[in-house]
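Note sheet for the following structure.
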Amino acid sequence: MSAIAKSEGLGSRRAWRVNAWTTALLAVLIIVAGNHLARTHLSFERDLSEDQLFAPSPVGVRMIGELDDILQVRAYFTVDVKSGTVQIAKRRLMDQLEEYADASAGRMQVVYLDPSTSSEARAEATALGIAPYPARSLRGTSIVSQDVWLGLALRYRGREAVVPMVVPQIFEYAFLSNLRKLTRESDVTIGFLVGRGEWSDGDDEFTQLRTLLSEQYRLREVYGLAGGDSVPEDVSVLVVARPTELHPRAVFEIDQFVQRGGRVLLLAERADVDLSTRTVGPIDPGLDALLAAWGVRLGDGFLWDQGLCEHLPLQVNGKTVQVPFPFWPRLPRERLDRSTPVTAQLAAWSLFWAHPLEVREVAGLSATRLAWTSPDTFVVNVNEGATLDPEALRARAADLLTRAEGEERTVALSLSGRFPSPFADGAPAPFDPIEETLRADRERRRRAAEASGEAGAVEPEDGVPIAEEKVLSAEAESQVVIVSDATWASVTKVGSFLNDENRLVFVSLVDWLALEDDLLALRARLPRERRIDDFLAEERSALGLVGERLQGDLGEESESMRRLETQAERRAEARRWRTMAAATGGALLAALAGGALVRIAMLLGARTGGKGRSR
């Protein structure tokens, strides 16, 4: 009996081992097979970053999915990258390409080529305009330099687009915007008119704007409007940059372009500031009658925004100090319209010597305020715009605070609908050099007579002759965006005002007017700069303290200024404590909530276990 029991025990032990090994083997096979099936047939990703920059955008997935033919992407990547940072970036680029290839359902093919090892690939990349860039990395105590290739070439239906160098942060926009160029049925033409609307070789303050436009659209210089030429028929959007003394006929042609459904981006101002000479030159855009017909008035003065101003590095008693410059407001997200696609995703917009825009209601038109200043904004004479003396800026700030209360001011707006024309009584005749010379001579004599007290001696100016031709008014639905500053989009001898944020603003406005919603959505996903809040600087600006904190280097402060300085410091310190308390309190609450959930789970587990034992 004992022998039989012993035999049964050995058999059951052997069976248990066999079952255990079989179970383990089956478990391994199931894990391997399940992992393979999940990798090949399942795709679940979740981008938890704030800007959603690490997963394909819905717009990009849709664009790839709508391909009707094969898109070939030739990636000219260096295989053996020595820099660890660049190697990580290259790996991320390859992952991004594979994600879009997966979303294309076989309509996107990616081919990797290494120009650093293949002479054929190098020649091909060079012919396309792709070049390596020098990457430096630290290995031990030595610095290693290497030329790295990270370029793309897209080919679709016989058309080709090239991205000479790409990084993960801008890959999606660079890749999909070029794909949009390849798949677009016809090129979109953007017209560009500068100054007086005369012929230009493109060598002016807005050269960078032309470069930005030509990257995505076909650019056409527009001139000759004063002579009677119309805005070309193929132009969809007309950019008018800092119009200056436009002839009435040129204004008429712009108006008729809008009447035909053309859309306009107008960057207008009434004064030009030159900081190198500290002078202010007046500008007459020549558009007052046109804007008045549309219910808009461009103010004469500059906006002085003490709440949102940028800083200028100025020399004071041999020291370089950062002085708030109220003529340069940086409008944050809170000052941009969040209901409009073009401004909904912008991080900020910097303006320089902007004017106020006043709007009244006009039948058939709807106005949307796109950007506005802080409540601490005043309107001052344009001649003050070149003031760089910290003491003068300080005194002016105190004077404005004591004399009046600031208010928000509109600096950018969108008009849409059917635009009434101010030329209902007739179209101005085209520019005639002889007639213009005679008219200018009559105007000079009239002004001289007025100055001498003999105003009746010269007949009043009879204005521009009227041509007999049809004038369109409220003809077609259209859109006009007006910005009361052109300097923000310029590059002058003082420096470039077209910073990265402003570049994004400009191209977004053009995309919006060109009805390129896909590009607008892609630009909204570009990485944004995040600034650290300076509580003290914000509180000082809010109290009208312009300039660096005074510590005896700018002269004796008045008692009122000392009190304001103390008040600003106290308010800034209070904001710091509130911010830290909110962060700490939030973390504590989260920890307490997590601990409570764990405790509840333990109690429920103990109660369930007790019931099981009682049974």
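The values are calculated or read from the model by the stated rules, or taken from the named source; none is laboratory data. What you see is a predicted model; the values in this text were computed from it and never measured. Cβ: placed from backbone, ideal geometry, glycine included. Neighbour counts: every protein chain shown. Side chains are part of the model used for accessible areas, which takes the heavy atoms of the whole protein and leaves out ligands, DNA and RNA. Shrake-Rupley method; radii C 1.70, N 1.55, O 1.52, S 1.80 Å.
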Residue ID - farthest from residue 484 (Cα to Cα), chosen from residues in region 384-409 that are open to solvent by 20 Å² or more (accessible area, probe 1.4 Å) and touching a Ser or Thr at 6+ places or on another chain (Cβ under 8 Å): 396
Test residue 159 against the stated conditions and say whether it is among the basic types (Lys, Arg) and more than 30 Å from the chain's Cα centre (by Cα). no
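Counting just the residues of region 481-494 that are in contact with a Leu (Cβ under 9 Å, 6 or more places away or on another chain) and farther than 19 Å from residue 357 by Cα, which one comes out modelled with the lowest pLDDT? I'd like the intermediate steps shown before the answer.
Just the residues of region 481-494 that are in contact with a Leu (Cβ under 9 Å, 6 or more places away or on another chain), to begin with: 481-492, 494.
Narrowing the set further to residues that are farther than 19 Å from residue 357 by Cα leaves 490-492, 494.
Working: 490: 92, 491: 87, 492: 82, 494: 70.
The extreme case among them is 494.
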Considering region 469-504, residues that are under 24 Å from residue 270 (Cβ atoms) and hydroxyl-bearing (Ser, Thr, Tyr), and then whichever is most open to solvent (accessible area, probe 1.4 Å), we arrive at 496
Pairs under 7 Å by beta carbon, first residue under 16 Å from residue 294 (Cα atoms) and of a type in the set (D, E, K, R) in region 242-255, partner assigned to a loop (DSSP other than H, G, I, E, B) and open to solvent by less than 10 Å² (accessible area, probe 1.4 Å), six or more apart or different chains? 253/225; 253/231
When residues of region 549-574 are filtered for being at pLDDT 75 or above, open to solvent by less than 60 Å² (accessible area, probe 1.4 Å) and of a type outside the set (Gly, Ala, Ser), how many remain? 1
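Look through region 209-237, keep the residues that are basic (Lys, Arg) and assigned to a strand (DSSP E or B), and return whichever of them is surrounded by the most Cβ atoms within 10 Å (Cβ to Cβ).
So in region 209-237, the residues basic (Lys, Arg) come out as 210, 218, 220.
Narrowing further to those that are assigned to a strand (DSSP E or B): 218, 220.
Numbers: 218: 14, 220: 16.
Checked region 209-237; the qualifying residue surrounded by the most Cβ atoms within 10 Å (Cβ to Cβ) is 220.
Quick one: which strands (runs of 3 or more DSSP E) lie wholly within region 252-365 and hold at least 2 residues that are among the aromatic types (Phe, Trp, Tyr)? Please lay out each step first, then the result.
Details: elements: 263-267, 271-274, 279-282, 296-298, 302-305, 309-316, 319-332, 348-350, 357-359.
Here the list reads 302-305, 319-332.
Return the total of residues in region 312-330 being open to solvent by less than 70 Å² (accessible area, probe 1.4 Å) and not β-branched (Val, Ile, Thr). Reasoning before the result, please.
Residues of region 312-330 that are open to solvent by less than 70 Å² (accessible area, probe 1.4 Å), as a first pass: 312, 314, 316, 321, 323-330.
The next check asks that each one be not β-branched (Val, Ile, Thr); those that pass are 312, 314, 324-330.
Result for region 312-330: 9.
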From the options 206, 192, residue that is out of contact with any Asp or Glu (no Cβ under 6 Å at 6 or more places or on another chain), open to solvent by less than 60 Å² (accessible area, probe 1.4 Å) and closer than 25 Å to residue 493 by Cα: 206
Residue tally, condition part of a helix (DSSP H, G or I), within 29 Å of residue 318 (Cβ to Cβ), under 32 Å from the mean Cα position of the chain (by Cα) and not acidic (Asp, Glu), over region 378-393: 5
Any chance you could count how many residues in region 94-130 are in contact (Cβ under 8 Å) with a residue 24 or more places away in the chain and open to solvent by 60 Å² or more (accessible area, probe 1.4 Å)? 6
Provide a single number: the residues in region 250-274 that are among the small types (Gly, Ala, Ser), surrounded by 22 or more Cβ atoms within 10 Å (Cβ to Cβ) and closer than 22 Å to residue 410 by Cβ. 1
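From the list 462, 432, pick out the single residue that is of a type in the set (D, E, K, R) and either within 17 Å of the chain's Cα centre (by Cα) or at pLDDT below 70 (or both). Spell out the reasoning first.
Working: 432 fails: either within 17 Å of the chain's Cα centre (by Cα) or at pLDDT below 70 (or both).
Result of the check over 462, 432: 462.
Quick one: how many residues across region 62-93 are β-branched (Val, Ile, Thr) and crowded, with 19+ Cβ neighbours inside 10 Å?
Here is the first cut: in region 62-93, the ones β-branched (Val, Ile, Thr) are 64, 70, 73, 78-79, 81, 85-86, 88.
Subset that is crowded, with 19+ Cβ neighbours inside 10 Å: 64, 73, 78, 81, 86.
Count: 5.
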Pull out all pairs, ordered by first then second residue, where Cβ-Cβ is under 8 Å, the residues are six or more apart or on different chains, the first lies in region 566-581 and is without any contact (Cβ under 8 Å) to a residue 60 or more places away in the chain, and the second is outside any helix (DSSP H, G or I) and not acidic (Asp, Glu). 567/543; 568/543; 568/545
What about residue 240, is it open to solvent by less than 30 Å² (accessible area, probe 1.4 Å), more than 23 Å from residue 500 (Cβ to Cβ) and not in a strand (DSSP E or B)? no
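In the list 231, 280, 258, which residue meets the criterion of being within 26 Å of the chain's Cα centre (by Cα) and hydrophobic (A, V, I, L, M, F, W, C)? Working first, answer last.
On the way: 231 fails: within 26 Å of the chain's Cα centre (by Cα); 280 fails: within 26 Å of the chain's Cα centre (by Cα).
Answer to the check: 258.
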Every residue from region 490-507 that is in contact with a Lys or Arg (Cβ under 9 Å, 6 or more places away or on another chain) and either free of Cβ contacts under 8 Å to residues at least 60 places away in the same chain or of a type in the set (A, V, I, L, M, F, W, C) (or both): 504, 507
Among the residues that make up region 163-178, is at least one of them at pLDDT below 90, over 30 Å from residue 260 (Cα atoms), part of a helix (DSSP H, G or I) and in contact with a Pro (Cβ under 6 Å, 6 or more places away or on another chain)? yes
Looking at this structure, is residue 27 open to solvent by less than 100 Å² (accessible area, probe 1.4 Å), at pLDDT 80 or above and more than 27 Å from residue 93 (Cβ to Cβ)? yes
Find the residue count for region 331-343, including only residues that are open to solvent by less than 40 Å² (accessible area, probe 1.4 Å) and either at positive phi or out of contact with any Lys or Arg (no Cβ under 8 Å at 6 or more places or on another chain) (or both). 6
